[in-house]
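Student: Dropping the structure in here first, questions after.
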Amino acid sequence: MSDLVSADGSRKIAREVLIHGPISRAELGLRLGLSAASLTRLSKPLIESGLLVERQSAEAVGVGRPTKPLDVVADAGRFVGIKLTGDDATAVLTDVRAAHSAVEVVEVVDRSPGAVIALLADLVERVSGGTELTGIGVSIGGNVLDGRTVTRAPFLGWRDVELGALLEERAGAPVTVANDVVALTVAEKWFGAARGRSSFAVITIGAGVGYGLVSRGTVVVTPDTGLGLGGHFPLDPHGPVCIDGHRGCATALLSIPSICDQVEAALGRPVHYDEVLDLAESGEPAASLVVDAAARALGHLIAAVVNLAMLDAVVLAGEGLELVRRTRSRVLEVLSEDRDPEALAVDVFLDDSGFTAWARGAAAVAIEAGIDALGDDRAWRLRSPSAQR
């Protein structure tokens, strides 16, 4: 078997163990279609490198022989994940399982690439406390090319910024850049409420509206990822117009800026998001109409996603989740109306962990990039056994 095929097999094993471990060799072989001999051969270098370990299990196989499920050595590496917005950056320090041990948040005052990269380099140093890093992940709202270049980031006003290379030079560790909803979707697949499901969707509401999809265990990424296509899904032909001129799209009905703008226009004064929701609960007519329209729009959007992608689970996240908490029954009512009466019930999960989950997702993307690099000259630097103790 060629070295390329062998390395690819080892990467698949590492990825499965990372997400599903500890996992028995029998189950791992079934998942990957590998014989016991191939599994032993391909996992051996991962165990010798210190990335995987054989755990002792209390279960017995055959005549009292204990199984030895494979698991990831969580301390084999340290990663920093960063969720970058136009207003602030949230960073976490994690292990190989993306479990975080430190969090730092800084305000973004100057959005120019040079200033932001300097800010991120300082943030990495602060959150890591000088710990040698295996990798860094950055998630950002916009388009990312090859995990390195930000081709478009509307909230920062960026075009074609070599964020990966420039931050790597400053921070001294491999950097992987990803669209923020993709990173969050990876996080939900790994350790979120939908963990263990092979297919589900993620819908985010906040400054904009985002959409992520996991299909048969794979996070779907295309060249159009980051364009906010889910945010422009048409929901109401008579609704408000978004900044791009789309009438009644998800962004126009569900984003925080649009919701506030509609109520401000009706009341003739500035309002903030929580105030809009409070006013709606108190029965103020304009706020009530806007919030009810948003709840109905979210129900329609969830239904469209699960109907077309044939799903039975959706994770809702983002800084606009308070809308869902206050109007959940209305959202679910509309979702039910848009479903076939005999269709499976849809599980709707709320991820209210804030931008920490998004930052952990960025770390998870960096960890996956490290696994993808196993066997070539870009492979991550595993921590020495002495450093792991």
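The values are calculated or read from the model by the stated rules, or taken from the named source; none is laboratory data. Predicted model, so just to flag it, every value in this text is computed and none were measured. Heads up, the Cβs are rebuilt from the backbone with ideal geometry, glycines too, and the neighbour counts pull from every protein chain shown. The protein model used for the area step is the full one, side chains on, heavy atoms only, and it has no ligands, DNA or RNA in it. Shrake-Rupley method; radii C 1.70, N 1.55, O 1.52, S 1.80 Å.
Student: Of all DSSP beta bridges in the stretch 13-161, what percent run antiparallel (nearest 5)?
Tutor: Restricted to the stretch 13-161, the bridges split so that about 80 percent are antiparallel.
Student: Please work out the average accessible area per residue across the chain, using the 1.4 Å probe convention, and give it in Å².
Tutor: Spelled out: the 1.4 Å probe surface of the chain, per residue, equals 46 Å².
Student: What ranking do 301-308, 74-81, 346-353, 30-37 get when scored by the average of other Cβ atoms within 10 Å per residue, highest first?
Tutor: Result, highest mean first: 74-81, 301-308, 346-353, 30-37.
Student: Continuing with the same structure: Expressed as a whole percentage, what fraction of the accessible surface of the chain belongs to carbon and sulfur atoms when a 1.4 Å probe is rolled over the protein heavy atoms?
Tutor: 52 percent
Student: What does the convex hull of the alpha-carbon atoms of the stretch 53-178 project to on average, in nm²?
Tutor: Projected over every direction and averaged, the Cα hull of the stretch 53-178 covers 9.2 nm².
Student: Between Leu229 and Glu27, what's the calculated FRET efficiency when r is the beta-carbon distance and R0 is 35 Å? Round to 0.05.
Tutor: With R0 = 35 Å, the Cβ-Cβ based efficiency is 0.45.
Student: Here is a follow-up. Name the long-range amide H neighbours of Arg148: under 5 Å, sequence gap of 5 or more, or other chain; modelled H, no Pro or chain starts.
Tutor: The answer is Val177.
Student: Taking every pair of alpha-carbon atoms in the stretch 222-321, what share in percent sits in each 10 Å bin, from 0 to the bin with the longest distance?
Tutor: Binned Cα distances yield the sequence 15, 45, 31, 8, 1.
Student: Moving to a separate point now. For the ranges 325-332, 149-156, what's the packing order if you count other beta-carbon atoms within 10 Å of each residue, average per peptide, and put the highest first?
Tutor: 149-156, 325-332
Student: May I pose another question? Can you classify the stretch 175-279 as rounded, prolate or oblate using the Cα gyration tensor, where a ≥ b ≥ c are the square roots of its eigenvalues, rounded means a/c under 1.5, and otherwise it's prolate if a/b beats b/c and oblate if not?
Tutor: Since a/c reaches 1.5 and a/b is larger than b/c, the shape of the stretch 175-279 is classed as prolate.
Student: By the gyration tensor of its Cα atoms, with a ≥ b ≥ c the square roots of the eigenvalues, what is the shape of the stretch 100-150: rounded for a/c under 1.5, prolate for a/b over b/c, or oblate?
Tutor: The shape class here is oblate.
Student: Can I ask one more? If one computes the Cα centroid of the stretch 108-128 and of the stretch 163-233, what distance in Å separates the two points?
Tutor: Between the Cα centres of the stretch 108-128 and the stretch 163-233 lies a distance of 21 Å.
Student: Using +1 at the C-beta of Lys and Arg and -1 at the C-beta of Asp and Glu, which of Trp158, Pro113, Pro174 has the Cα lying farthest in the positive direction of the dipole of the stretch 99-195?
Tutor: Farthest along the dipole direction, towards plus: Trp158.
Student: Moving to a separate point now. I want to check a number: in the chain, how many lysine pairs have alpha carbons closer than 22 Å, given a sequence separation of 8 or more or different chains?
Tutor: Taking the Cα cut-off of 22 Å, the pair count is 5.
Student: Once you compute Rg and the Kirkwood Rh from C-alpha atoms, what is the Rg to Rh ratio for the chain?
Tutor: Using only Cα positions, Rg/Rh for the chain is 1.01.
Student: Counting only other residues whose beta carbon sits under 12 Å from that of Arg15, what net charge do I get with K and R as +1, D and E as -1?
Tutor: The answer is 0.
Student: Provide the gained length on full extension for the span Ala266 to Asp8, in nm with one decimal, where the gain is 0.36 nm per separating residue minus the Cα-Cα distance.
Tutor: Between Ala266 and Asp8, full extension yields an extra 87.0 nm.
Student: Only bridges with both residues in the chain count here: give the DSSP antiparallel percent, nearest 5.
Tutor: 65 percent
Student: So what is the calculated 222 nm ellipticity per residue for the chain, using -39500 (n - 2.57) for each DSSP H run with n of 4 or more, over all residues, to the nearest 500 deg cm²/dmol?
Tutor: -13500 deg cm²/dmol
Student: On to the next question. Can you give the angle from 0 to 90° between the axis of helix 36-49 and the longest principal axis of the chain, with both taken from C-alpha atoms, to the nearest 10?
Tutor: Compared with the principal axis, the helix lies near 80 degrees.
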